[in-house]
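Colleague: Here it is, the structure, as structure tokens.
The values are calculated or read from the model by the stated rules, or taken from the named source; none is laboratory data. Computed from a prediction, not measured in an experiment: that's the story for all the values here. Cβ coordinates were reconstructed from backbone atoms using ideal geometry, including for glycine residues, and neighbour counts include every protein chain displayed.
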């Protein structure tokens, strides 16, 4: 399997739910080709709350009744991990290990009448080169470094987690937004040190994904127009330190961080190109995390915490600031955010891994900010998203795992008496090859 699938297998739940240790291996001259991936699908039934007096929560993840007023939502979707087809080639030339990975992720469901409208995902296209004596360089698109271990150690990686109340979605959310910020898939140039008795470090610059901060995100000032844009002013910087060990009690501990400079184009010109308009303010969005994942016999424990300044919640930068002032003269007031999750798993004699997890993501108001997401709005600013997950992951065969999950998502606004919850029951299977 390619690097990220291997980490998902080893770090999340798959230590007990048996899967293949490699994909389909094909020798090809100087190269070894590994064709790998997974196919998964889940039936999800979500009991959603009705909107109270038309009030919604900006950034809330609990599902609400659909447009037809139905509070029971059914769907057949892929889970947090999309169905995946990856191609990895490896070779050693001139005393350098060289590899490439290209993958794409077809959708398991589609709400269109024909069922074939949704665009597949393309999450990986990168090359690596290096040697165990001096480390590895990666260039291309892959999973982000900050919060990467949070998602790879989330047991819902084999299942559904949050976000199942949308039929036909490409993926669900797992614990994204209810315990950690999505690491996303980013163009990057990264260097990882050699393994030094269990210790490794990674440092990277990442592509300044404009959409991560977007148009008029998280603004509460009057007069906000579609021309208000928040965009990254430089390459992102991400890094990670990790120490892992083996033995009767095995595990790893890690810490990672990220920093992005963000400019605010609030000229009110209506231009879709932020770089052509005057910037009115700028700020630095930053975040760090720390986590540990430990196994002893059949017992597993994962604990994770993150803290952000202007980093927002769910997706890096989303709801990260409040823009105060007037059109063309906005000033960014950063919001603090934090959260984390704890996860306990145990493998019973049948080989089934049982898991219990709790996660929460909190978002504070900025100085001088009101409860509403914008002036006069009935969309109130998120205070926190919470998740409870109970899961069972059973290895039916070496490659195929049956999954049953229950997920409760609760979203609460800063505005009093504005909260929602949704309950999702999921049944499905995930096949690795």
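Residues are listed down the side, and each one gets a yes or a no for (1) touching a residue at least 12 places away in the same chain (Cβ under 8 Å); (2) part of a loop (DSSP other than H, G, I, E, B); (3) over 23 Å from residue 154 (Cβ atoms):
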site: 56; (1), (2), (3): yes, no, yes
site: 61; (1), (2), (3): yes, yes, no
site: 75; (1), (2), (3): yes, no, no
site: 81; (1), (2), (3): yes, yes, no
site: 89; (1), (2), (3): yes, no, yes
site: 92; (1), (2), (3): no, no, yes
site: 100; (1), (2), (3): yes, no, yes
site: 107; (1), (2), (3): yes, yes, no
site: 111; (1), (2), (3): yes, yes, yes
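Colleague: Would you confirm whether or not the range 9-20 contains a residue that is part of a loop (DSSP other than H, G, I, E, B) and modelled with pLDDT of 50 or more?
Modeller: no
Colleague: Check the range 139-151 and report whether any residue there is under 29 Å from residue 78 (Cβ atoms), in contact with a strand residue (DSSP E or B) (Cβ under 8 Å, 6 or more places away or on another chain), surrounded by fewer than 20 Cβ atoms within 10 Å (Cβ to Cβ) and at pLDDT below 95.
Modeller: Within the range 139-151, not a single residue is under 29 Å from residue 78 (Cβ atoms), in contact with a strand residue (DSSP E or B) (Cβ under 8 Å, 6 or more places away or on another chain), surrounded by fewer than 20 Cβ atoms within 10 Å (Cβ to Cβ) and at pLDDT below 95.
Colleague: When residue 345 is evaluated against the numbered criteria (1) crowded, with 24+ Cβ neighbours inside 10 Å; (2) in contact with a helix residue (DSSP H, G or I) (Cβ under 7 Å, 6 or more places away or on another chain), which criterion, by number, is the only one it fails?
Modeller: If we test residue 345 against (1) crowded, with 24+ Cβ neighbours inside 10 Å; (2) in contact with a helix residue (DSSP H, G or I) (Cβ under 7 Å, 6 or more places away or on another chain), just (1) comes out false.
Colleague: Anything in the range 188-205 that is surrounded by fewer than 18 Cβ atoms within 10 Å (Cβ to Cβ) and at negative phi? List them, or say none. First the steps, then the outcome.
Modeller: Residues of the range 188-205 that are surrounded by fewer than 18 Cβ atoms within 10 Å (Cβ to Cβ), as a first pass: 189, 191, 193-199, 201, 203, 205.
Listed by number, the residues that qualify are 189, 191, 193, 194, 195, 196, 199, 201, 203, 205.
Colleague: Answer yes or no as to whether residue 404 is at pLDDT 95 or above and surrounded by fewer than 22 Cβ atoms within 10 Å (Cβ to Cβ). Write out each step before concluding.
Modeller: Details: at pLDDT 95 or above: yes; surrounded by fewer than 22 Cβ atoms within 10 Å (Cβ to Cβ): yes.
So residue 404 fits the description; yes.
Colleague: Next question. Does residue 46 fit the bill of being in a strand (DSSP E or B), at pLDDT below 90 and over 20 Å from the mean Cα position of the chain (by Cα)?
Modeller: When the stated conditions are applied, residue 46 does not pass them.
Colleague: Could you check how many residues of the range 293-304 are surrounded by fewer than 17 Cβ atoms within 10 Å (Cβ to Cβ) and under 22 Å from residue 386 (Cβ atoms)?
Modeller: 2
Colleague: Among 311, 318, 287, 357, which is the only one that is within 22 Å of residue 370 (Cα to Cα), buried (at least 16 other Cβ atoms within 10 Å of the Cβ) and in contact with a strand residue (DSSP E or B) (Cβ under 8 Å, 6 or more places away or on another chain)? Steps first, please.
Modeller: Values: 318 fails: in contact with a strand residue (DSSP E or B) (Cβ under 8 Å, 6 or more places away or on another chain); 287 fails: within 22 Å of residue 370 (Cα to Cα); 357 fails: within 22 Å of residue 370 (Cα to Cα).
Answer to the check: 311.
Colleague: Which residue pairs have Cβ atoms closer than 6 Å, lie 6 or more positions apart in sequence or on different chains, and pair a first residue in the range 382-411 that is in contact (Cβ under 8 Å) with a residue 40 or more places away in the chain and on the phi < 0 side of the Ramachandran plot with a second residue that is surrounded by fewer than 17 Cβ atoms within 10 Å (Cβ to Cβ) and outside any strand (DSSP E or B)?
Modeller: 395/351; 399/20
Colleague: Go through the range 153-175 residue by residue and tally those that are assigned to a loop (DSSP other than H, G, I, E, B) and crowded, with 24+ Cβ neighbours inside 10 Å.
Modeller: Residues meeting the conditions: 10.
Colleague: Now a separate question. Can you name every residue in the range 412-427 that is surrounded by 22 or more Cβ atoms within 10 Å (Cβ to Cβ) and on the phi > 0 side of the Ramachandran plot? Outline the logic, then answer.
Modeller: Quick first cut of the range 412-427, residues surrounded by 22 or more Cβ atoms within 10 Å (Cβ to Cβ) only: 413, 418, 420, 422, 424, 426.
Of everything in the range 412-427, nothing turns out to be surrounded by 22 or more Cβ atoms within 10 Å (Cβ to Cβ) and on the phi > 0 side of the Ramachandran plot.
Colleague: Would you mention how many residues in the range 325-342 are at pLDDT below 95, surrounded by fewer than 23 Cβ atoms within 10 Å (Cβ to Cβ) and under 28 Å from residue 62 (Cα atoms)?
Modeller: Residues that pass the stated criteria total 2.
Colleague: How many residues are at pLDDT below 95 and in a loop (DSSP other than H, G, I, E, B) if we restrict to the range 116-138?
Modeller: 5
Colleague: So residue 133 ticks every box in (1) farther than 29 Å from residue 313 by Cβ; (2) in contact (Cβ under 8 Å) with a residue 12 or more places away in the chain; (3) in contact with a strand residue (DSSP E or B) (Cβ under 9 Å, 6 or more places away or on another chain) but one. Which box is left unticked?
Modeller: With respect to (1) farther than 29 Å from residue 313 by Cβ; (2) in contact (Cβ under 8 Å) with a residue 12 or more places away in the chain; (3) in contact with a strand residue (DSSP E or B) (Cβ under 9 Å, 6 or more places away or on another chain), residue 133 is out only on (3).
Colleague: Still on this structure, please answer the following. Take the residues in the range 245-254 that are surrounded by fewer than 16 Cβ atoms within 10 Å (Cβ to Cβ) and in contact (Cβ under 8 Å) with a residue 12 or more places away in the chain, then tell me which one is farthest from residue 280 (Cα to Cα).
Modeller: Here the answer is 248.
Colleague: Another question, then. Return the residues of the range 176-207 that are over 19 Å from residue 75 (Cβ atoms), in a loop (DSSP other than H, G, I, E, B) and within 9 Å of the chain's Cα centre (by Cα); say none if nothing qualifies.
Modeller: Those that are over 19 Å from residue 75 (Cβ atoms), in a loop (DSSP other than H, G, I, E, B) and within 9 Å of the chain's Cα centre (by Cα): 181, 183, 184.
Colleague: When you go through (1) more than 22 Å from residue 408 (Cα to Cα); (2) part of a strand (DSSP E or B) one by one for residue 305, which number turns out not to apply?
Modeller: If we test residue 305 against (1) more than 22 Å from residue 408 (Cα to Cα); (2) part of a strand (DSSP E or B), just (1) comes out false.
Colleague: Moving on. Can you go through 85, 121, 80 and tell me which one is within 24 Å of residue 160 (Cβ to Cβ) and buried (at least 19 other Cβ atoms within 10 Å of the Cβ)?
Modeller: When all the criteria are applied, what remains is 80.
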